[in-house]
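Peer 1: Handing you this structure, nothing more for now.
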Amino acid sequence: MAETAQARFASVEAFLRHAALLKTSPEATQRRVLVCLGTGCMASGAREVAAALERALAALPAERRVALNLCMKKTGCHGFCEKGPLVVLWPEATFYKGVKPKDVPELVERGIVGGEVIERLLYVDPKTGKPVEKYGAIDFYARQTRIAMRNIGLMDPANLDDYLLRDGYQALAKVLAGWSPEQVLKEIEQAKLRGRGGGGFDAGRKWRSCKSAKGTPRYLICNGDEGDPGAFMDRSLMEGDPHGVIEGMAIAAFALETREGTIYVRQEYPLAVEHLERAIADARARGLLGERILGTDFSFDIQIARGGGAFVCGESSALMRSVEGKVGEPRAKYVHATDKGLWDKPTVLNNVETFVNVPRIVEKGAAWYASIGTARSKGTKAFALTGKVKNTGLVEVEMGTSLREIIFGAGGGMLVDGPKGAFKAVQTGGPSGGCLPESLLDLPVDFDSLTDAGSMMGSGGMIVMDHSTCMVDVARYFLSFLTDESCGKCVPCREGLYQMYRILSRIAEGQGTEADLAKIEDLSQAVAVGSLCALGKSGPTPVLSTLRYFRHEYEAHIKEKRCPAGVCKALITYSIDTSACDGCGACLAACASDAITGTPKKGETFQINTLQCDKCGACAAVCKRGAVAIS
C-alpha cells in the first residue's frame, strides 16, 4: 500500500517506494511558477508579487488551470539578488527580473497562459545590450557549477515532497540501507572535502579524530552564524534548502554514531530559523529524523540554538560556549574540539555549506567529487559577490576558477566605465581577509592559492573595488569592525587591533609618519602570534595585504598628505572647475552645508567655500558635467 503524503516511513523500502511514486505523480510533471522569496527579493517587494500571482492564478477558470497543469512555488534565494524580485517559469526556464505587482496581470495572461515572452522583464546582458530569455543562458548562472546550491531557487523549502522530487534523502536512505559508519567516513575522506567555514580543515580527518576520541556522547554542530559583512551563502542555504542541511547532518551523525545535533543560527536570520524549524518538524513526522530513522536502529535529532549576533561566536570554541549558555569567548587552540568540545565532549563542527555537500558526495561518489576542483581543494565554493561589479549575488564555482572569471564572467565586469571605475582590488575572506590587486586577477581561487597571496578563502565573501576606493580607508574600516567585535579576552587582540586602528586613523587624517608603517607591521605580527582565535590571528590580514600590494597609497597619505582615491576627508579639497561648470545649480541644491555660492543661470559659475565644506561629496555626485574637482 502506498504511503500517504503525511505517513511516517516505516522502513527504507517504504521511503524509496514513496519517492519513486512521487517521480511519476502529476506534481512531478507540473509547470512551475517559481517566485523567489529569499530575504533579498523580499526586501524588494517579492511578498506582494507572490500574493498578486496567487490571486491571479486562482482567478483563472478551473478548466484552464487544469489544462495548464500549473502550480506556483515560493522558493528560496536564486542568487541574483540585485535583480529581484525574480520570477522563473519552469521547465521553460524563462527568467523575469524586477517584477512588480503591477506586472502580474500581463505576466499571467501573456506569459503564463499565452506562452509569450515579455521582453521588458527580461535580463539585459550588459556586454551585448540584448535581452536574455533563458535562466541558464545568463552569464551569471551559466558560469556557475552548483553543488551546494543545487536546490535553492528551484523548490519550495517548506514542502518536503519538493525536496524528495529532487532526490532528497536518497543519500541518507542509501547509507541506512547497508553502509557502515566506517564506510561513510572513508567516502568523505576520499572525496577530500574541506570545511567551507573559513579554515578549510579536512572534514574527513576532523570526523575521524572525533570518532577516535575518548568520551561519550559525541556531539555534532552546524555553524550557521555567518557574521562576515556582506556574506549570505549559509543564510540562503538554510532558507532555501533546509532539508539539505538536515540530511547532511544526519549522514555525518551516522558516521560519528551520535544522537544529538545542533544548528547554531545568528539572531539576524529569522527566516532561516523559521524554515529550519518547519523542516525539522516535517522530517521528524515522516521518520527521517528522531528515533529509529526509517525503521533502522539509527536515531538522531536536531535542535536549533540562536546566537546573539556576536561575530566572535562564529569561532568554534566561542560558539560552543554560547550553546552552553556561557559568554561566547574562545579558548586556547591546543584544546581540540574533536577531543573536548561541547560540554567538554568530542564534537564535530562544520558550517552549513560543508554539510549540504555531504549528500551529494554519498549519492554520486567520492571519486566524482574529487574530480572537481584542484589538487588540494576539491569541489566547488559559494561566494557572495558584492561591490563595484555589475552582477552582484551568490555564485558557486569550481575550486581553481580564477578571480577574473568570477568577477568579469559571472560578475559581468566592473559597474562603471572609465578610469575611476576600473578594477583596483578584490577583498576575499571577510573582514579578516586580504585585498588582492589587478596583477593577481588570474589567481586560481582555492584555499592554498589565496593564503599564499596573503588573503584567505574565509566563508566566501568577495568584495570588488574600483579606483574610487582608498585602500588605507578599507583597511581602517575592517580594523574598526574587528576592534568592535573582539571579545576582549586576550590582550594582543583587544589592544593590538585598537592600536593598529589608531595608527591607520592618523595616516588617513594626514598625521602619519613613515615610522608608523613599521609599527603597524610589528603590531600585526604580535597580534597574529599572541591571539587565541582566528579573529585576532587573521585580524591584521587586511592591513598587511594592503601594505604588500598598495604601499604607495600609504606613502602618498604620509609623504604627500594626499589621498589618491579622493576618499579621506582630511586630505582632500573640493573645488569647481569654472571652465566646465554650466551654472545648472545642481550642486547648489545638493549641498547641505551651504558651502556653495552662486546663482543658477546659464553662463554663471559656482564657488565652494572650503572652510564651510564638510566634504560629503554630494556636489560631485550630482554634477553631470564633471565640473566638481577633488584634489
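The values are calculated or read from the model by the stated rules, or taken from the named source; none is laboratory data. This structure is a prediction, so every number in the text was calculated from the model and none was measured. We place every Cβ from the backbone using ideal geometry, glycine too, and count neighbours over all the protein chains shown.
Peer 1: Of all residues being of a type outside the set (A, V, I, L, M, F, W, C) and either crowded, with 23+ Cβ neighbours inside 10 Å or in contact (Cβ under 8 Å) with a residue 12 or more places away in the chain (or both) in region 477-493, which is nearest to Gln427 (Cα to Cα)? Just the residue, please.
Peer 2: By that ranking, first place goes to Ser480.
Residue-wise test of (1) in contact with a Lys or Arg (Cβ under 9 Å, 6 or more places away or on another chain); (2) among the basic types (Lys, Arg); (3) free of Cβ contacts under 8 Å to residues at least 24 places away in the same chain.
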residue	(1), (2), (3)
Cys313	yes, no, no
Val323	no, no, no
Ala332	no, no, no
Asp339	yes, no, no
Trp343	no, no, no
Arg360	yes, yes, no
Thr380	yes, no, no
Ala384	no, no, no
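Peer 1: So for region 272-286 (the condition being assigned to a strand (DSSP E or B) and either on the phi < 0 side of the Ramachandran plot or in contact (Cβ under 8 Å) with a residue 12 or more places away in the chain (or both)), does at least one residue qualify?
Peer 2: The answer is no; no qualifying residue exists.
Peer 1: A follow-up question, please. Checking the conditions here, which among Lys333, Lys381 is basic (Lys, Arg), touching a helix residue (DSSP H, G or I) at 6+ places or on another chain (Cβ under 9 Å) and modelled with pLDDT of 95 or more?
Peer 2: Only one candidate passes the filter, namely Lys381.
Peer 1: Answer with yes or no whether Ser545 is closer than 27 Å to Val352 by Cα, among the polar types (S, T, N, Q) and either crowded, with 21+ Cβ neighbours inside 10 Å or without any contact (Cβ under 8 Å) to a residue 60 or more places away in the chain (or both).
Peer 2: When the stated conditions are applied, Ser545 does not pass them.
Peer 1: What pairs come up if the first residue lies in region 195-218 and is part of a strand (DSSP E or B), the second is crowded, with 16+ Cβ neighbours inside 10 Å, and their beta carbons are under 8 Å apart, counting only those six or more places apart or on different chains?
Peer 2: Matching pairs, first to second residue: Asp202/Glu189; Asp202/Lys192; Asp202/Leu193; Asp202/Arg194; Asp202/Gly195.
Peer 1: Does region 412-438 hold any residues that are of a type outside the set (A, V, I, L, M, F, W, C) and touching a residue at least 60 places away in the same chain (Cβ under 8 Å), and which are they?
Peer 2: If the condition is that a residue be of a type outside the set (A, V, I, L, M, F, W, C) and touching a residue at least 60 places away in the same chain (Cβ under 8 Å), then Gly412, Gly413, Gln427, Gly429, Gly430, Pro431, Ser432, Gly433, Gly434, Pro437 are the ones that fit.
Peer 1: What is the residue count in region 550-575 for residues that are modelled with pLDDT of 95 or more and touching a Leu at 6+ places or on another chain (Cβ under 7 Å)?
Peer 2: 2
Peer 1: Test of understanding: among Leu70, Leu60, Leu22, which residue is at negative phi, in contact with a strand residue (DSSP E or B) (Cβ under 6 Å, 6 or more places away or on another chain) and surrounded by fewer than 22 Cβ atoms within 10 Å (Cβ to Cβ)?
Peer 2: Residue meeting the stated conditions: Leu70.
Peer 1: To continue, here is another question. Find the residue count for region 346-373, including only residues that are in contact with a strand residue (DSSP E or B) (Cβ under 7 Å, 6 or more places away or on another chain) and either assigned to a helix (DSSP H, G or I) or surrounded by fewer than 16 Cβ atoms within 10 Å (Cβ to Cβ) (or both).
Peer 2: Of the residues in that region, 5 qualify.
Peer 1: Additional query: Name the residue that is nearest to the chain's Cα centre (by Cα), counting only residues in region 175-207 that are under 15 Å from Ser316 (Cβ atoms) and of a type in the set (Phe, Trp, Tyr).
Peer 2: Out of the qualifying residues, it is Phe201.
Peer 1: Let me ask you something else. Just checking, does region 176-185 include any residue being assigned to a helix (DSSP H, G or I), out of contact with any helix residue (DSSP H, G or I) (no Cβ under 6 Å at 6 or more places or on another chain) and not aliphatic (A, V, I, L, M)?
Peer 2: Within region 176-185, one or more residues are assigned to a helix (DSSP H, G or I), out of contact with any helix residue (DSSP H, G or I) (no Cβ under 6 Å at 6 or more places or on another chain) and not aliphatic (A, V, I, L, M).
Peer 1: Sticking with this structure for a sec: Find the residue count for region 551-585, including only residues that are under 23 Å from Leu450 (Cβ atoms) and in contact with a strand residue (DSSP E or B) (Cβ under 7 Å, 6 or more places away or on another chain).
Peer 2: The qualifying residues number 0.
Peer 1: A follow-up question, please. Would you mind telling me which numbered condition in (1) over 20 Å from Tyr135 (Cβ atoms); (2) in contact with a helix residue (DSSP H, G or I) (Cβ under 7 Å, 6 or more places away or on another chain) Ala62 fails?
Peer 2: So the condition that Ala62 fails would be (2).
Peer 1: With the condition being among the hydrophobic types (A, V, I, L, M, F, W, C) and closer than 23 Å to Asp466 by Cβ, I'd like the helices (runs of 4 or more DSSP H) fully within region 542-631 carrying at least 3 qualifying residues.
Peer 2: Answer list for region 542-631: 618-622.
Peer 1: Turning to a different aspect of this structure: Just wondering, is there one or more residues in region 58-75 that are touching a Gly at 6+ places or on another chain (Cβ under 8 Å) and within 19 Å of Arg166 (Cβ to Cβ)?
Peer 2: yes
Peer 1: Restricting attention to region 299-307, does a residue exist that is farther than 23 Å from Cys490 by Cβ and in a loop (DSSP other than H, G, I, E, B)?
Peer 2: Checked region 299-307: at least one residue is farther than 23 Å from Cys490 by Cβ and in a loop (DSSP other than H, G, I, E, B).
Peer 1: Related question: Taking helices (runs of 4 or more DSSP H) that fall entirely within region 24-109, which contain at least 1 residues that are within 25 Å of the chain's Cα centre (by Cα)?
Peer 2: In region 24-109, 39-43, 46-58 are the helices (runs of 4 or more DSSP H) which contain 1 or more residues that are within 25 Å of the chain's Cα centre (by Cα).
Peer 1: Something else about it: So, in region 110-142, how many residues would count as being surrounded by fewer than 17 Cβ atoms within 10 Å (Cβ to Cβ) and part of a strand (DSSP E or B)?
Peer 2: Residues flagged as surrounded by fewer than 17 Cβ atoms within 10 Å (Cβ to Cβ) and part of a strand (DSSP E or B) within region 110-142 amount to 3.
Peer 1: Let me ask something else about it. Among the residues of region 1-32, what is the count of those that are at pLDDT 95 or above and among the β-branched types (Val, Ile, Thr)?
Peer 2: Counting residues in region 1-32 that are at pLDDT 95 or above and among the β-branched types (Val, Ile, Thr) gives 1.
Peer 1: If we keep just the residues of region 212-250 that are crowded, with 24+ Cβ neighbours inside 10 Å and β-branched (Val, Ile, Thr), which is nearest to Gly153 (Cα to Cα)?
Peer 2: Selected residue: Val245.
Peer 1: Next up: Do the conditions hold for Gly153, that is, is it out of contact with any strand residue (DSSP E or B) (no Cβ under 8 Å at 6 or more places or on another chain) and either among the small types (Gly, Ala, Ser) or surrounded by fewer than 20 Cβ atoms within 10 Å (Cβ to Cβ) (or both)?
Peer 2: no
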